[in-house]
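Written below as structure tokens is the structure these notes are about.
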Amino acid sequence: MSHPTDANDSSLGPASEKKEYTVSKDMLPISCPLPSMKLWDSHPRVYLPIEQTGLATCPYCGARYRLED
């Protein structure tokens, strides 16, 4: 059984490939890296407080997340 962040899973994108991501409310809570990203070449998962301001920046990689309505 493979883990969803398996390095051999070609359906997953590179971690923090872009520097800004738009996310929706149905994706809350938001973590960096996102579940759709590979984790083997990234930093530890961190949950971001985005609900109040609609913006959050990852303290590890600097990726910015913007919450859409």
Amide H contacts under 5 Å for Arg66, restricted to residues at least 5 apart in sequence or on another chain and with H modeled in the peptide plane, are Tyr21, Thr22, Val23
Cα-based Rg (one decimal) and Dmax (whole number) for region 20-68, in Å?
10.1, 30
Inter-label distance, nm, simple model (7 Å from Cα along the C-beta direction), Thr57/Leu28:
2.3 nm
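Each reported figure results from applying straightforward, stated rules to the coordinates on display, with no laboratory input. It should be emphasised that the depicted structure is a prediction, and the values quoted were computed from it without experimental measurement. Every residue, glycine as well, gets a Cβ built from its backbone with ideal geometry; the counts of neighbours run over all protein chains shown.
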